[in-house]
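The values are calculated or read from the model by the stated rules, or taken from the named source; none is laboratory data. Everything numeric here is computed off the predicted structure, so don't read it as measured data. Because the Cβ atoms are built from the backbone with ideal geometry, glycine has one as well, and the counts that use them run over all protein chains shown. We work out accessible area using only protein heavy atoms, side chains counted, and drop any ligands, DNA or RNA first. Shrake-Rupley method; radii C 1.70, N 1.55, O 1.52, S 1.80 Å.
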Amino acid sequence: QMMQRDGLAGDMVELYGNVPVRPAPAQNWCLVRLQEAGIPGSRTRGFYLTGFFGSLYDGTDLPAVIPLLQAAAAKAGGRLAILSAGHLGGSEAQWQRWQAQFGPGTASDIAFLALGPRDTAALSDYINGLDLGLSSVPMALAGKSGTLAAFADHGLRALMLNDSVHYDFMADNTACLPPGGLVPDAATAALLAKTPILERQYRPIPALQAAGDWVERALG
């Protein structure tokens, strides 16, 4: 839209992730990490597994979706777990504030676990183990997010928690959502309250192949 505003022809090509997709391991990788950390789950399902990948952007509103996530966890029969994989860097303080506000010992009693940097094999296992992805990337910038591209490559649906960036040439930031992106609205709350474990939604054509096809068409 920015290019078109300036009189340039533009096209959309989906971003491909930098985490090669591996088959999901027989034992859920995320559950193993929670067990190793000695974090107790519920007696029924254990955990409802949600997670971030990478650093956390300013403007991420996790508190606003805690009721939605708690309702989904209750429907699934598991304790809500919020995980993080990758380098938090300067956003680690935000992570610690959320843990202090919603973690063990609080009324929410959510299990928090920061897993730190991992190799790509472990990251694929991590994404395959989640029930729902959490994205801190502003919706207006979602198309350039390697995290969301990796989630999409693994078929994982992602809940968008940040709508802090707006441009005058873009009337609706939801137009930027990647495959599987979910807006935290009433419709998504109803969907997750009914079906908290969403079916994996894989791209019809792998994004790398689609990008290669586009380059061939564009360059002739």
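Confirm whether Ala210 is part of a helix (DSSP H, G or I), open to solvent by 30 Å² or more (accessible area, probe 1.4 Å), touching an Asp or Glu at 6+ places or on another chain (Cβ under 7 Å) and aliphatic (A, V, I, L, M).
It is true that Ala210 is part of a helix (DSSP H, G or I), open to solvent by 30 Å² or more (accessible area, probe 1.4 Å), touching an Asp or Glu at 6+ places or on another chain (Cβ under 7 Å) and aliphatic (A, V, I, L, M).
Is at least one residue of segment 49-72 more than 24 Å from Gly181 (Cα to Cα) and either without any contact (Cβ under 8 Å) to a residue 40 or more places away in the chain or surrounded by 15 or more Cβ atoms within 10 Å (Cβ to Cβ) (or both)?
no
Quick check on segment 178-195: of everything there that is closer than 26 Å to Ala121 by Cα and in a loop (DSSP other than H, G, I, E, B), which residue is least open to solvent (accessible area, probe 1.4 Å)?
Once the filter is applied, the top-ranked residue is Gly180.
Can you name the residue in segment 1-48 that is farther than 16 Å from Tyr126 by Cβ and among the β-branched types (Val, Ile, Thr) and is also least open to solvent (accessible area, probe 1.4 Å) among such residues?
Here the residue is Val13.
How many residues, within segment 100-112, are surrounded by fewer than 18 Cβ atoms within 10 Å (Cβ to Cβ) and either in contact with a Cys (Cβ under 8 Å, 6 or more places away or on another chain) or of a type outside the set (Ser, Thr, Tyr) (or both)?
Residues that pass the stated criteria total 7.
So which helices (runs of 4 or more DSSP H) are wholly in segment 63-155 and hold at least 3 residues that are under 12 Å from the mean Cα position of the chain (by Cα)?
It comes to 120-129, 146-153.
Taking Gln201 as the residue in question, decide whether it is of a type in the set (S, T, N, Q), in contact (Cβ under 8 Å) with a residue 24 or more places away in the chain and either crowded, with 17+ Cβ neighbours inside 10 Å or farther than 15 Å from Thr50 by Cβ (or both).
Yes.
If the Cβ limit is 8 Å and pairs must be 6+ apart or interchain, which residue in segment 7-36 that is in contact (Cβ under 8 Å) with a residue 24 or more places away in the chain pairs with which residue that is open to solvent by 100 Å² or more (accessible area, probe 1.4 Å)?
Filtered contacts from segment 7-36: Leu15/Lys144; Tyr16/Leu208.
Report yes if some residue within segment 140-163 is polar (S, T, N, Q) and open to solvent by 40 Å² or more (accessible area, probe 1.4 Å); otherwise report no.
no
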